[in-house]
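The values are calculated or read from the model by the stated rules, or taken from the named source; none is laboratory data. Here the structure is a predicted model, which means the values were calculated and not measured. Backbone-built Cβ (ideal geometry, glycine too); neighbour counts: all protein chains shown. Side chains included, ligands, DNA and RNA excluded: accessible areas come from the protein's heavy atoms. Shrake-Rupley method; radii C 1.70, N 1.55, O 1.52, S 1.80 Å.
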Amino acid sequence: MLTADKVLVTVGTPCSISAVGSTETYRARVVGSPEFIALAAFDAGLIDLDPQADGSLKLSWVGGESTTLAEIERLHGQQLRASLGIRYIDELTALGNAVVTDVGASLPHDFDRGGLRRLAGLTYRDVRDSALKDMYGLFDDDPRLGPSLQAQLFAYSGLGALAALPVPLSELIPNPYEFRVAGATAFPGLDAQGQLRPAGSVTSDNDKLRDKFAMRLANSLSSHGPALLSTMLAPSYSLSKSLKHPELLETLRSASGYMRVPQTPLNAVGACASSSIVFSEFAPQMVLDYPGYQRPQVVLWTAADAATRPSWQILDAFGPGALMTRAKLEAINAGRSPAEQRSIADSLAPFDVDANGTVVGEGGSGLLVTTLDFALRNFLDITSIIVGWGQSGEAGGKAHFAGVGFGGENALMHALELAYRGHGYRVSDFQYLVAHATGTRTNSKTDLTTAANARSAAAERQGMKGGLPKVAVGTPKAVGDGHTMGETGLKATSQALQFLLGQPAVGVPTLRHLDPDLGSVAESFTLQSAPVAGNLDGGALCATQGFGGYNGAIALRAAHAEAFARYSPDRKVLAAYLERWPELRREREQRERHWRLRRRSAIELAQIHCWKGLD
């Protein structure tokens, strides 16, 4: 059995943003909470929220006057719902047949037009007036010079994940070199390309923009989002001051001799499996023993995609066959009674006979990962034990070169093999599968078939006889997020954590009539529209399939005292941790809720958790 320093765990829960909205808004939608409309109004910048000691929310309009759920619903309910989740995009509808579809799941409200920057506190003035003022040039309010939408997603969700920590990151890890950001994306920040100008377009009136080459270049790189995160947290040293006074850099030296800067961000691009693949790359680094190797103690696992920008060109790459369209929805609803018709909001229907296409979405997520030993010694709230991971490349349907063929079993088999050989967990110890579930009938079949094949093959390797218990299935895409591309594996992990924390986790809410083409493979799974009940002693699997044959999988188990004891941690350390754990859990939940319902949270968290430099 592995020792505690070789076991990876998650700390806290992911901070996310998607077409539905921020983390709390999404959770409210999953469980059908009446607070959903108030949380959506907060995302839209209409109201402020004040969490109360009893868990309720005090609601007030921006400006101070109190309000109620009923008043918010009456004044703004219809418009709020129309501007989030899967919806018709007005600017595409106006183009008629010139576009392949007018259905999308882009960021809600005005997030793509400055709203996300205001929510995060990442406007020029916010940064200029903060402890990070030396970075103000990277946050110009001019969209041609400020951070791209994709970089904003990385910053909001990545910094938001730090709310899980009970002490500043700089206290937890005095040497920044023991920290690393791992970022994943499917697309190279295409929204920034829309701000680039063709050669010869520079005039005396706009030459200033050309001079700011560093900002323009940085915002055009797919690696800019993870790098921005790392830079915001690194010790602050003005480039101009350092060049004039190089002796200042001596203060960067640590006792070990290594300079006090974080490790370089790890970036991965692997289609829709990007976030699962980047995890498979950094996880071994965190447990690797090699003479002289400095392994990261904490990794900030992030992923983000702003796929629809600029001008929705990516929709042409998918084509009408793979996408949900207005015409397809009208065909589905033809001849049905009003009660049986699908709305645009529930048009993405994986595993259903109505699964006629996917919906392109946008989103970002961030989550902290460390070792069990580190988390116990530093009293961090452990939300799951990561017991396996795997990746594979396949194009089983080579004619279309999409990762909806067969061969992806290897990724999940590898994750289950690590769980068994390293942790002693069998296939039957995992009761919940967060499926890729794009919303096409082809993917519905391959999604379940590859998972069933992987489970069967792993069970055979483990010497198990007889049939396996059914596994419940969930998918965030059916809640209204659409297909968030490279971020989708990390968003799946967020739902797996809800299940392992004993909370209701997403099922397949758009499921009505099971697709008969699934055949006997569906018998291995429990497919339901209602949320899946959580399990404090359960296991969860996340499997993703990506275009071009990219596949990734992660296996997680619930965190509790008996599970920790399997890895022989220091008994005194474990006893001290378990004594404080209920308090740690309660405080972590309160911290996360506080920061996720607070405006300007990202910039404030950056100031709290960054390592100190010249300031």
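About its Cα centre, what dipole magnitude does the chain give when the only charges are +1 on Lys and Arg Cβ and -1 on Asp and Glu Cβ, stated in debye to the nearest 20?
On the way: 58 positive and 62 negative charges, 140 e Å.
That gives the chain a dipole magnitude of about 680 debye.
For GLY189, which sequence-distant residues (separation of 5 or more, or a different chain) have an amide H within less than 5 Å of its own amide H, given hydrogens modelled in the peptide plane?
Residues meeting the criterion, in which the H sits 1.01 Å from N, are ALA306.
Whole number in Å², please: accessible area per residue of segment 97-171, 1.4 Å probe, ligands, DNA and RNA not counted.
Working: 2410 Å² over 75 residues.
Here the residues of segment 97-171 average 32 Å² of exposed surface.
HN-Hα J couplings of segment 168-181 from phi, Karplus 6.51/-1.76/1.60, θ = phi - 60°, integer Hz, Gly and Pro as x?
x, 4, 5, 7, 5, 10, x, 9, x, 5, 8, 10, 8, 9
Whose amide H sits under 5 Å from the amide H of VAL387, counting only residues 5 or more places off or on another chain, with H placed in the peptide plane?
Amide H neighbours of VAL387, under 5 Å, 5+ apart: ALA555, LEU556, ARG557.
Amide H neighbours of VAL532 under 5 Å, counting only residues 5+ apart in sequence or on other chains, H built in-plane at 1.01 Å?
Result for VAL532 returns ALA505, VAL506, GLY507.
With point charges of +1 on the Cβ of Lys and Arg and -1 on the Cβ of Asp and Glu, referenced to the Cα centre of segment 505-578, which listed residue (ALA530, THR510, TYR567) lies farthest in the positive direction of the dipole?
My answer, from the dipole projection, is TYR567.
Apply the Karplus parameterisation 6.51 cos²θ - 1.76 cosθ + 1.60, with θ equal to phi minus 60°, to every residue of segment 450-463 and state each ³J(HN,Hα) to the nearest whole Hz, in sequence, with x for glycine and proline.
Ordered by residue, 3J(HN,Hα) equals 5, 5, 5, 5, 5, 4, 5, 5, 5, 4, 5, 5, 8, x Hz.
Taking every eigenvalue of the Cα gyration tensor of segment 1-86, multiplying by 5 and rooting it, what semi-axes result, largest first, whole Å? Could you put the intermediate results ahead of the total?
Details: eigenvalues 209, 51, 22 Å².
After scaling each eigenvalue by five and taking roots: 32, 16, 11 Å.
Could you tell me how many cubic angstrom of Cα convex hull volume segment 32-172 has per residue?
Spread over its residues, the Cα hull of segment 32-172 gives 171 Å³ apiece.
Label-point separation (nm) for GLN313 and VAL31, each offset 7 Å from Cα along Cα-to-Cβ?
The answer from the label model is 4.3 nm.
Given the DSSP H assignment, sum -39500 (n - 2.57) over each helix run of at least 4 residues in the chain and divide by its residue total; what's the result at 222 nm in deg cm²/dmol, nearest 500?
The per-residue figure over the chain is -10500 deg cm²/dmol.
Can you tell which of ALA339, GLY257, ASN378 lies farthest toward the positive end of the dipole of segment 228-379, using +1 and -1 charges on the Cβ of basic and acidic side chains (Lys, Arg; Asp, Glu)?
GLY257
Calculate how many DSSP beta bridges within the chain are antiparallel, expressed in % of all such bridges and rounded to the nearest 5.
Of those bridges, close to 70 percent are antiparallel.
If the limit is 24 Å between Cα atoms, which of LYS6/LYS612; LYS6/LYS465; LYS328/LYS470; LYS244/LYS612; LYS58/LYS612 go over it?
Going by Cα-Cα distance, LYS6/LYS612; LYS6/LYS465; LYS328/LYS470; LYS58/LYS612 fall outside the 24 Å limit.
Given 4 °C and 1.567 mPa s, how large is the Stokes-Einstein diffusion coefficient of segment 230-288 in µm²/s, with Rh as the Kirkwood radius over Cα pairs?
For these conditions, the coefficient is 91 µm²/s.
With all pairs of different alpha carbon atoms counted, what Kirkwood hydrodynamic radius in Å does the chain show?
Values: mean 1/r = 0.0405 Å⁻¹.
In the chain this quantity evaluates to 24.7 Å.
In terms of Cα to Cα distance under 19 Å, which aspartates and glutamates are near enough to LYS445, apart from those fewer than 8 places away along the same chain?
Output for LYS445: ASP352, ASP354, GLU394, GLU409, ASP515, ASP517, GLU523.
What percentages make up the Cα-Cα pair-distance distribution of segment 514-615 when the bins are 5 Å wide from 0?
2, 7, 9, 11, 14, 14, 16, 12, 8, 5, 2, 1, 0
Expressed in nm to one decimal, what extension gain is obtained for the pair GLU250 and ALA94 from 0.36 nm per residue of sequence separation less their Cα-Cα distance? Don't skip to the end; give the middle numbers.
On the way: separation 156, 0.36 × 156 = 56.16 nm, distance 5.94 nm.
Here the segment from GLU250 to ALA94 would lengthen by 50.2 nm.
Restricting to bridges with both residues inside segment 274-433, how much of the DSSP beta-bridge set is antiparallel, in percent to the nearest 5?
Once the DSSP bridges in segment 274-433 are tallied, antiparallel ones form about 90 percent.
Along the positive direction of the dipole of segment 61-128 (beta-carbon charges: Lys, Arg +1; Asp, Glu -1; about the Cα centre), which of GLY115, LEU69, ALA98 reaches farthest?
Ranked along the dipole, the leading option is GLY115.
Could you give each residue of segment 315-322 its phi-based ³J(HN,Hα) in whole Hz, using Karplus coefficients 6.51, -1.76, 1.60 with θ = phi - 60°, and x for Gly or Pro?
For segment 315-322, the Karplus-derived couplings read 4, 5, 5, 6, x, x, x, 8 Hz, x marking Gly and Pro.
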